[in-house]
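Just below is one structure, and these are the notes that go with it.
The values are calculated or read from the model by the stated rules, or taken from the named source; none is laboratory data. Keep in mind it's a predicted model, so treat the numbers as computed, not measured. Here Cβ is always computed from backbone atoms with ideal geometry, including for glycine, and neighbour counts include all displayed protein chains.
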Amino acid sequence: MAFRMTLTGVGAMNSPRFAPAGLLVEHDGARLLIDGGRDAAGDLDLDAWLVTDDRSELVREIRLAARARGIDAGVGHFSSPNLTVEPLPVSHTSHDTYGYLIQAEQHRIVWAPEFYVFPEWAAGCDLMFAEAAAWDRPVHFAGKVGGHASALDVSREAHARHVERLVFAHIGRPTIRAMDRGLKPRFGEYGRDRARFEPRRWRR
């Protein structure tokens with residue numbers, strides 16, 4: 001098995017169009033899933049199932065699906081020869097939430113599907129899977145405890161921070177409406193359920 005990643009879904013919560021946002025990472029025999037939903041892994045065996053938010057709406061069903069495979073799901077680290085997956089904090093809500101820095105074969109990939117403030121640790125990465133729950137204005141949670149950055153802001157900030165390739169992987173209803181109107185951010189692209197990414201195809 002070569003190094004590859006597959007988007008198991010690109011949807012925000014209760015998406016009318018997409019499966020829940022998740023990323024399957026495969027490298028030299030190791031296989032792990034980050035986020036997703038109950039059915040994200042299909043019939044695959046997993047070495048780990050990591051999540052970005054231990055209190056998310058989907059975490060209960062993720063944990064049940066993980067236990068059926070003999071593993072526990074939660075925020076955590078993963079490593080195998082020449083692959084490391086590390087949780088790093090993001091600003092999103094009132095409790096601790098994370099993105100993941102995936103490093104393999106001298107590549108730096110970021111999985112950060114939900115944040116209110118662009119994570120500085122994502123700067124300069126080769127590939128970033130990012131927030132797009134909102135389109136042209138951020139979503140603010142009640143009580144000013146965070147929210148979701150807009151896709152247009154994420155596009156501008158990723159470009160300014162020299163992200164090589166940006167893929168929107170947590171697409172909410174405002175962004176779906178923008179997609180249906182034919183709108184696109186100046187930098188970045190919309191992810192697709194089951195889209196596959198391999199190192200030789202990252203750079204366009």
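A few notes on this one:
- Qualifying positions in the stretch 45-83 - surrounded by fewer than 13 Cβ atoms within 10 Å (Cβ to Cβ) and not in a loop (DSSP other than H, G, I, E, B): ARG60, LEU64, ARG67, SER79
- Any hit, the stretch 29-44, residues being buried (at least 20 other Cβ atoms within 10 Å of the Cβ), in a loop (DSSP other than H, G, I, E, B), out of contact with any Gly (no Cβ under 7 Å at 6 or more places or on another chain) and free of Cβ contacts under 8 Å to residues at least 60 places away in the same chain: yes
- Residue match in the stretch 111-120 (condition: buried (at least 18 other Cβ atoms within 10 Å of the Cβ) and assigned to a helix (DSSP H, G or I)): no
- Restricting the stretch 86-97 to residues that are modelled with pLDDT of 95 or more and surrounded by fewer than 24 Cβ atoms within 10 Å (Cβ to Cβ), the residue that is nearest to VAL25 (Cα to Cα) is GLU86.
- Test for ALA2: is it of a type in the set (A, V, I, L, M), modelled with pLDDT under 95 and closer than 22 Å to ARG192 by Cβ: yes
- If the condition is being crowded, with 23+ Cβ neighbours inside 10 Å, under 17 Å from TYR116 (Cβ atoms) and not β-branched (Val, Ile, Thr), then the stretch 151-171 contributes ALA151, ALA158, PHE168, ALA169, HIS170.
- Of residues in the stretch 89-110 being small (Gly, Ala, Ser) and assigned to a strand (DSSP E or B), the one farthest from GLY143 (Cα to Cα): ALA104
- Filter pass, GLY143 being among the small types (Gly, Ala, Ser), in contact with a Leu (Cβ under 9 Å, 6 or more places away or on another chain) and not in a loop (DSSP other than H, G, I, E, B): no
- The numbered conditions (1) at pLDDT 95 or above; (2) closer than 23 Å to SER79 by Cα; (3) surrounded by fewer than 16 Cβ atoms within 10 Å (Cβ to Cβ); (4) not hydroxyl-bearing (Ser, Thr, Tyr) are all true for ARG17 except (2).
Conditions (1) touching a Pro at 6+ places or on another chain (Cβ under 8 Å); (2) among the hydrophobic types (A, V, I, L, M, F, W, C), marked per residue:
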position: GLY9; (1), (2): yes, no
position: LEU46; (1), (2): no, yes
position: LEU50; (1), (2): yes, yes
position: ASP53; (1), (2): no, no
position: GLU61; (1), (2): no, no
position: PRO87; (1), (2): no, no
position: HIS92; (1), (2): no, no
